[in-house]
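Q: Next up is a structure, given as structure tokens.
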């Protein structure tokens, strides 16, 4: 790598970003520690996540004469973190938001709402679901829950919330039209 620059390894736009960071380090003398960056792997075409640290290299008088840096590919770690977050916020059977995630999202919608915002919340409980599990087995019950989740997801608009609260309970939350009362007449 001696004698090469970022432009020899990365697409121009990414290399320019790295170069700009390095110029700022040379100008200010301030290190850049655990800077998260994304790059495109030229060979595979896949996005990779990098964590880079760069510090100024100084001469005996304290003048910045270069940069020493190290980069680590943290793609696998990042993907594992995203997977953990997904598992913590989604129902593993249906892929819908879970109770805690729905509660957080609903609270966020309410916090961002004004006095004219209208929300509709629909609670859905599958009647006699225990009978399905007991008579046809848990595989059929799971398939029913997955099908219910898919149909609910397909029946709402983008941005509406759909969640599985647990067992056979689902909930949907949608913003309604501002003049929903007059449109019902």
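Q: Based on other C-beta atoms within 10 Å, arrange 122, 145 from fewest to most.
A: Details: 122 12, 145 22.
Sorted ascending by nearby Cβ count, the order is 122, 145.
Q: Which FRET efficiency, nearest 0.05, do residue 110 and residue 28 yield, Cβ-Cβ r, R0 41 Å?
A: Working: r = 43 Å, r/R0 = 1.06.
With a Förster radius of 41 Å, E is 0.40.
Q: Would you calculate the separation in nanometres between label points at residue 19 and residue 49, each defined as 7 Å from the Cα along the Cα-to-beta-carbon direction?
A: My value for the distance between the label points is 2.8 nm.
Q: Let me ask you something else. What number, in percent, do you get for the relative contact order of segment 90-183 if the mean sequence gap of Cα pairs under 8 Å and at least 6 apart is divided by its residue count? Please list the in-between numbers first.
A: Working: 105 pairs, mean separation 39.6, N = 94.
Answer for segment 90-183 is 42 percent.
Q: Next up: Hey, what's the per residue convex hull volume over the C-alpha atoms of segment 1-153, in cubic angstrom?
A: 216 Å³
Q: Further, regarding this structure: Pairs of Cα atoms under 8 Å, at least six residues apart: use those to get the relative contact order of the chain, whole percent. Before the final figure, lay out each step's value.
A: On the way: 224 pairs, mean separation 28.3, N = 185.
Once divided by the residue count of the chain, the mean separation gives 15 percent.
Q: Obtain the nm distance between the two label points defined at residue 160 and residue 12 by a simple spin-label model: each point lies 7 Å from its Cα along the Cα-to-C-beta direction.
A: Result for the modelled spin labels: 4.6 nm.
Q: From the Cα gyration tensor of segment 73-185, with a ≥ b ≥ c the square roots of its eigenvalues, which class applies: rounded if a/c is under 1.5, or else prolate if a/b is larger than b/c, or else oblate? Display every interim value, and only then the final one.
A: Details: a/c = 2.61, a/b = 1.16, b/c = 2.25.
Taking the square roots of the gyration eigenvalues as a ≥ b ≥ c, segment 73-185 is oblate.
Q: When a/c reaches 1.5 or more, the comparison of a/b and b/c decides; with that in mind, is segment 6-79 rounded, prolate or oblate per its Cα gyration tensor? The partial results should precede the final answer.
A: Values: a/c = 2.93, a/b = 1.92, b/c = 1.53.
It is prolate, given that a/c is not under 1.5 and a/b is the larger ratio.
Q: Subtracting the Cα-Cα distance from 0.36 nm times the residue separation, let me have the gained length for residue 120 to residue 2 in nm, one decimal. Write down the numbers at each step before the final one.
A: Numbers: separation 118, 0.36 × 118 = 42.48 nm, distance 6.24 nm.
Taking 0.36 nm per residue and subtracting the Cα distance, the gain is 36.2 nm.
Q: Where does each of 109-120, 25-36 land if you order them by average Cβ count within 10 Å, highest first?
A: Working: 109-120: 10.1, 25-36: 12.9.
Averaged packing, sorted descending, gives the order 25-36, 109-120.
Q: What distance in nm separates the two pseudo spin-label positions at residue 80 and residue 131, each 7 Å out from Cα along the beta-carbon direction?
A: 4.8 nm
Q: Find the relative contact order for segment 6-79 and round it to a whole percent, using C-alpha pairs within less than 8 Å whose residues are 6+ positions apart.
A: Values: 115 pairs, mean separation 18.6, N = 74.
Normalised by residue count, the contact order of segment 6-79 is 25 percent.
Q: Output the antiparallel fraction of DSSP beta bridges having both residues in segment 90-183, as a percent to the nearest 5.
A: On the way: 13 of 14 bridges.
So the antiparallel bridges amount to about 95 percent of the total.
Q: Quote the FRET efficiency, to the nearest 0.05, computed for residue 68 versus residue 89 with a Förster distance R0 of 41 Å and r equal to the Cβ-Cβ distance.
A: Numbers: r = 40 Å, r/R0 = 0.96.
After rounding, the FRET efficiency stands at 0.55.
Only the coordinates and a few stated rules stand behind these numbers; no lab work does. No experiment lies behind these values; they were computed from the predicted model shown. Backbone-built Cβ (ideal geometry, glycine too); neighbour counts: all protein chains shown.
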